1. Compute the whole-percent fraction of alpha carbon pairs in the chain spaced more than 21 Å apart.
2. Quick check for the chain: number of Lys pairs with alpha-carbon distance under 16 Å, counting only pairs 8 or more apart or on different chains?
3. Would you work out which of PRO110, ILE57, SER90 lies farthest towards the positive end of the dipole of the chain, given +1 charges on the beta-carbon of Lys and Arg and -1 on that of Asp and Glu, about the Cα centre?
4. Where in the chain are the DSSP H helices whose alpha-carbon span along the long axis reaches 27 Å or more and whose Kyte-Doolittle mean is at least 1.6?
5. Given the -39500 (n - 2.57) contribution per DSSP H run of 4+ residues, what per-residue ellipticity at 222 nm results for the chain, rounded to the nearest 500 deg cm²/dmol?
6. Could you list the residues of the stretch 93-119 with an amide nitrogen less than 17 Å from a label point located 7 Å from the Cα of LYS7 in the Cα-to-C-beta direction?
7. Could I have the simple spin-label model distance between ILE129 and ALA82, label points 7 Å from Cα toward Cβ, reported in nm to one decimal?
8. Let's see if you can work this out: charge +1 on each Lys and Arg Cβ, -1 on each Asp and Glu Cβ, no other charges. What is the dipole magnitude of the chain about its Cα centre, in debye to the nearest 20?
Amino acid sequence: MYLRLIKPFFDVLFAFIGIILCLPLFIVISLYCAINFNGQVFFTQQRIGKNEKVFIIYKFITMHPPTGKYKDKSDAARLTKAGALLRLTSLDELPQLFNIISGKMSWVGPRPLLPEYLPFILLRKRNGIM
């Protein structure tokens, strides 16, 4: 009952409160990203969630996309100074509150992994390690 009802209720409640409290910060960061990344605000990526279901995770964009003059640049060269600050303070992860509200993530639990790790997760489950 705890994992099906109580924990999800508090996850959504605290994520909603977090969005309300961080709304001014959310707006400022969104405007910064929109201005500096040609209207793009979010970085999206597929991740593995509960029951090995793939979902889209949202973060504020912190790097220039690997196109144009940044095509052959490393990740470190594409990272902006403000993006580095957002990562240092973990503010780039504020949009994940919407993932929590939608039930795709939780406040407490393992970090969602990239889909290429799915075979390893399934192997560990099959061998009784997880």
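1. Within the chain, distances greater than 21 Å cover 51 percent of Cα pairs.
2. Taking the chain as the scope, the lysine pair count is 8.
3. Toward the positive end, the furthest listed residue is PRO110.
4. Helices meeting the span and hydropathy rule in the chain are 7-36.
5. -13500 deg cm²/dmol
6. Counting only backbone N, you get 100-113.
7. Taking the two extended label points, one gets 4.2 nm.
8. Roughly 340 debye for the chain.
Where a number appears in this text, it was derived from the coordinates with a stated rule and is not lab data. Keep in mind that what you see is a predicted model, and the values were worked out from it rather than measured. All Cβ positions, glycine included, derive from the backbone under ideal geometry; neighbour counts span all protein chains shown.
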